[in-house]
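What follows is a single structure, written as structure tokens, with notes after it.
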Amino acid sequence: MSSAQGSTLSREETDLDSEFSRLLSAQRPYQVVVWNDPVNLMTYVSWVFRSYFGHSKARAKELMLQVHHQGRAVVSHGPREKAEQDVTAMHQFGLQATLEEAE
Amino acid sequence: MATAFRATTKGYRADLEPHERRLLSSLCADVITLLQNREKETTDTPDSASEDPEFAHFRAEMAGLGGDEPLAAPTDEVLRRLLPDALDDEEEAGHFRRLSESSLRGAKLADLRTARMLLESSPVSIQEEVAPMFGRALNDLRLTLASRLNLETEEDAERVHELALASRSKDSEAFMAEIYTFITWLQESLFSAMTEFLPEEETDEDMGSA
């Protein structure tokens, strides 16, 4: 990244700089985490993972059990836009979900 | 006495008593009202009342598109559970909420309205295509009741279960616990039946595919 030190750039031009950093952050990989809660049923959570992500019965169950026993599971990876889409879908199903930068 | 959902040739069917259908429908109506109030709360700005309505609409559009001001999470516990933060950081969550909350609210309202319509008929028969909407609406009812019952841990879940089975003289909390347990049973039966009809595809190489 370039430095703005000693710059004579006008405000509009520095905004381009911040726009660029926003674009860079959109390129970084994100992940969606589903958190355990005592309300959502195991049958339901498995069904959500199968129908939304297209997982096999076994994989959906494995993920569901990971949420149940470890308190959380990463359910999807991808660019920021994809993570936003997936986290909103999880909220629509009523699951507790957040997005975060992937490690 | 109600019978749970089971698969039929046209979808899923449950036999519910008229008072059970009325109860579920009025709970849906309560959650619809709650979500609509939140909609008013997020679109009414102090100076918008005096404005030309068309301009106010335009401004609301711009606010949605611009997304510069973070939108604070609802103060009501139920709404916080139905419309949760998507990020840990409060400010980031507020920015994301500004862009996404109204479409999430809209999706939930559509589910709940569809559920009310389906609860009009007896028996309750649900076609394959609308079953997910009905199931999500049932889930939102459970989330709402759980929040009102302060159900936050597995121990709380146990307490609510015991409360539902308790004596016949019920206070309002025990009554809510009983309804919660009833909807749990109904939702479980629906998704057990729906699970049978999901195609089994091995697509796990691409973990994020939707």
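Among the residues of region B:10-50, those that are surrounded by fewer than 17 Cβ atoms within 10 Å (Cβ to Cβ), modelled with pLDDT under 95 and among the β-branched types (Val, Ile, Thr) comprise B:43, B:45.
Scanning region B:98-137 for residues that are out of contact with any helix residue (DSSP H, G or I) (no Cβ under 8 Å at 6 or more places or on another chain) and within 12 Å of chain A (Cβ to nearest Cβ), which turns out farthest from residue B:68 (Cα to Cα)? Looking at residues that are out of contact with any helix residue (DSSP H, G or I) (no Cβ under 8 Å at 6 or more places or on another chain) and within 12 Å of chain A (Cβ to nearest Cβ), I get B:128. Residue pairs whose Cβ atoms lie under 7 Å apart, sitting 6 or more positions apart in sequence or on different chains, and linking a residue in region B:139-162 that is at the interface with chain A (Cβ under 7 Å from one of its Cβ atoms) and closer than 19 Å to residue A:35 by Cα to a partner that is in a helix (DSSP H, G or I) and of a type in the set (Ser, Thr, Tyr), are B:139/A:44; B:142/B:180; B:142/B:184; B:146/B:180.
State whether the residues of region B:178-188 include one that is in a helix (DSSP H, G or I), at pLDDT 95 or above, at the interface with another protein chain (Cβ under 7 Å from one of its Cβ atoms) and surrounded by fewer than 18 Cβ atoms within 10 Å (Cβ to Cβ). Looking for residues that are in a helix (DSSP H, G or I), at pLDDT 95 or above, at the interface with another protein chain (Cβ under 7 Å from one of its Cβ atoms) and surrounded by fewer than 18 Cβ atoms within 10 Å (Cβ to Cβ), one finds at least one in region B:178-188, hence yes. Filtered by the rule that a residue be open to solvent by 70 Å² or more (accessible area, probe 1.4 Å) and more than 22 Å from the chain's Cα centre (by Cα), region B:121-157 gives B:122, B:155.
The values are calculated or read from the model by the stated rules, or taken from the named source; none is laboratory data. Since we're looking at a predicted model, the values are computed, not measured. A quick note on method: Cβ atoms are made from the backbone with ideal geometry, for glycine too, and the neighbour counts reach across all protein chains shown. For accessibility, only protein heavy atoms count, side chains too; no ligands or nucleic acids. Shrake-Rupley method; radii C 1.70, N 1.55, O 1.52, S 1.80 Å.
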